[in-house]
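Novice: After the structure tokens below, expect a handful of questions from me.
The values are calculated or read from the model by the stated rules, or taken from the named source; none is laboratory data. The structure presented is a predicted model; accordingly, all values stated were derived computationally and were not measured. Because the Cβ atoms are built from the backbone with ideal geometry, glycine has one as well, and the counts that use them run over all protein chains shown. Calculation scope for accessible area: heavy atoms of the full protein, side chains included, ligands and nucleic acids excluded. Shrake-Rupley method; radii C 1.70, N 1.55, O 1.52, S 1.80 Å.
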Amino acid sequence: MKVLVIGTGGREHILAHKLKQSSLVNEIFAIPGNDAMSDIADVHCEIAETDHTQIVEFAVEHDISWVIIGPEQPLTEGLADKLNAKQIKVFGPNQAAAQIEGSKLFAKQLMQKYHIPTAEYKEISNKSDALSYIETCQYPIVLKKDGLAAGKGVIIAENYGEAEAAVHSLYLQELGTVVFEQFLEGEEFSLMTFVNGDYAVPFDCIAQDHKRAYDDDKGPNTGGMGAYCPVPHIDKEVLNLTNEVIAQPIAQAMYKEGYEFFGVLYIGVILTADGPKVIEFNARFGDPEAQVLLTRLESDLMQHILDLEAKKNIAFKWKDSSVVGVMLASKGYPGNYEKGKTVSGFDLNGNYFVSGLKRDRDKFVTNGGRVILALGEGHDIATAKANAYKAAEKIQSDGLFYRKDISNKAIKHL
Ligand code: AMP
Ligand code: GLY
């Protein structure tokens, strides 16, 4: 069958790479894709991710069997609905169901209604009320702007001064919606769950991302600076409990409310002293969680998607190894950064997944904030980490930086 992947990043790069290993898939296309994927997919950078009309036309003309949508924006803008209208199958939810990621408020209200554990919250829809609220609230407090923000719309304020600055930056005018949320303490992990309506199958391997820009979880939030799996110090019991109190109930809740989710639901969890609580839902694979999880996944991703469609039993099979991924990002990210810096020293054989590079004649140059993920595998996390950093050190560029502590939380527990 022919499969089209939508998106430009490292997540889409591993999706294409993983589909290439499937005996069910004969041809892989990518829109817009990136230049590093051209060995495995027919890349169409000339079509924009936002150009739904052209994407639908392309899928019809090329007789595409399945479209896999990587990023959130096309999902929340209804690309799946437009493809479905032409009888093209899509792995990725329709616009209504994608609100679970697109609107923090939608997700919060659903969780409240169905008693799904999450941080307490308050929605404030004008700046003056927000300024009064922060005079009396408990600190730290978490401020989340409603709507998509690429992981950068969340501010954790430690005190009144920081909260005041956050209010001024999140409310661009007097009106606007910001969710004020109780700060949850505990370890964070990411659970990918395959969902088809009321049928939900979580991955029985979780991943841990590193959201802050700098070592020791310092600095601003980013899209993710590195990830690893499995997470040995968060055991099966926690995974089972998360399935029972979060994954199954949220799938049922959406179904009962008439939202037909089909795709992967990313559950961002904090393991608090009171058990697992949701910090966010995403309507897609995490990036860079996908790169480490799909590297570890031994079984056929396309077969799992077909089994999900048929609501059949899904038995994910994992390699015995651990996988660590270190993100190399443009200096300055998540703030301003320069593009066009030469990057060399990497291969495209499954050891690196490219987020923000483009070809410039005979070399690759940076083209985004997050640039390339260096992967390492090993029989345990410490070995995988050592291999990931060996791979990161091979990369030559004067425009990149990376965290040095990816997976240390697991290593600390060894
Ligand atoms: P989000 O976009 O909602 O995932 O938030 C980005 C990051 O902010 C999360 O991955 C957490 O590291 C942090 N965060 C968000 N909400 C909370 C919370 N209620 N308590 C503690 N940390 C949080
Ligand atoms: N790595 C976090 C995300 O994909 O949202």
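Novice: What are the semi-axes of the equivalent ellipsoid of the stretch 185-270, taken as the square roots of 5 times the eigenvalues of the Cα gyration tensor, listed largest first and rounded to whole Å? If you can, show how the numbers build up before the last one.
Specialist: Working: eigenvalues 136, 45, 22 Å².
Computed over the stretch 185-270, the values are 26, 15, 11 Å.
Novice: On the Cα set of the stretch 1-48, report Rg and Dmax in Å, please.
Specialist: Calculated on Cα positions, Rg and Dmax stand at 9.4, 29 Å.
Novice: Any idea which of G161, G197, A130 is furthest toward the positive side of the dipole for the stretch 86-226, if Lys and Arg beta-carbons carry +1 and Asp and Glu beta-carbons -1?
Specialist: Projecting each Cα onto the dipole axis, the largest value belongs to G197.
Novice: Here's another thing I want to ask about it. Any of K211/K331; K82/K144; K144/K277; K2/K86; K18/K319; K18/K404 with alpha carbons more than 20 Å apart? Name them for me. Present the calculation step by step, with values, prior to reporting the outcome.
Specialist: Details: K211/K331 16 Å; K82/K144 30 Å; K144/K277 16 Å; K2/K86 16 Å; K18/K319 14 Å; K18/K404 27 Å.
Violating the 20 Å limit, Cα to Cα: K82/K144; K18/K404.
Novice: Right, another one. Calculate the tail of P(r) for the chain: the fraction of all Cα-Cα distances greater than 29 Å, expressed in %. Kindly include the intermediate steps, with their values, before the conclusion.
Specialist: Values: 36934 of 85491 pairs.
Percentage above 29 Å: 43.
Novice: Hey, with R₀ at 35 Å, roughly what FRET efficiency would E393 and K317 work out to, going by the Cβ-Cβ distance, to 0.05? Working shown, then result.
Specialist: Values: r = 32 Å, r/R0 = 0.91.
The calculated FRET efficiency here is 0.65.
Novice: I would also like to ask the following. In whole percent, how big is the carbon plus sulfur part of the accessible area of the stretch 203-351, probe 1.4 Å, protein atoms only?
Specialist: For the stretch 203-351, the apolar C and S fraction of the accessible surface comes to 44 percent.
Novice: Report the Cα centroid-to-centroid distance between the stretch 54-78 and the stretch 97-164 in angstrom, as an integer.
Specialist: 32
Novice: In Å, what is the Rg of the alpha-carbon atoms in the stretch 267-357, and how long is Dmax?
Specialist: 17.4, 48
Novice: A follow-up question, please. Given the peptides 359-365, 238-244, arrange them by the average over their residues of other C-beta atoms within 10 Å, most packed first. Walk me through the numbers on the way to the answer.
Specialist: Details: 359-365: 12.6, 238-244: 17.4.
The peptides rank, most packed first, as 238-244, 359-365.
Novice: Now for a separate question. In the stretch 158-216, if every C-alpha pair distance is counted and binned at 10 Å from zero, what percent goes to each bin?
Specialist: In whole percents, the pair-distance histogram is 15, 27, 31, 22, 4.
Novice: Continuing with this model, one more query. Post the alpha-carbon centroid distance, the stretch 335-394 to the stretch 254-333, in whole angstrom.
Specialist: The stretch 335-394 and the stretch 254-333 have Cα centres spaced 22 Å from each other.
Novice: What value, in deg cm²/dmol to 500, does the helix sum -39500 (n - 2.57) over DSSP H runs of n ≥ 4 give at 222 nm once divided by the residues of the chain? Spell out each step's value before the answer.
Specialist: Details: 14 runs with 122 residues, N = 414.
Computed mean residue ellipticity for the chain: -8000 deg cm²/dmol.
Novice: Report the convex hull volume per residue for the stretch 348-414, counting only C-alpha atoms, in Å³. Walk me through the intermediate numbers first.
Specialist: Numbers: hull volume 6.0 nm³, N = 67.
Per residue, the Cα convex hull of the stretch 348-414 comes to 90 Å³.
Novice: Additional query: Quick one: putting +1 on the C-beta of Lys and Arg, -1 on the C-beta of Asp and Glu, what dipole do you get for the stretch 252-391 around its Cα centre, in Debye to the nearest 20?
Specialist: Details: 18 positive and 17 negative charges, 105 e Å.
Using Cβ point charges on Lys, Arg, Asp and Glu, the stretch 252-391 gives about 500 debye.
Novice: Using all Cα-Cα distances in the stretch 205-244, what percent lands in each 10 angstrom bin from 0 up to the longest?
Specialist: Per 10 Å bin, starting at zero, the Cα-Cα P(r) for the stretch 205-244 comes out as 28, 39, 29, 4 percent.
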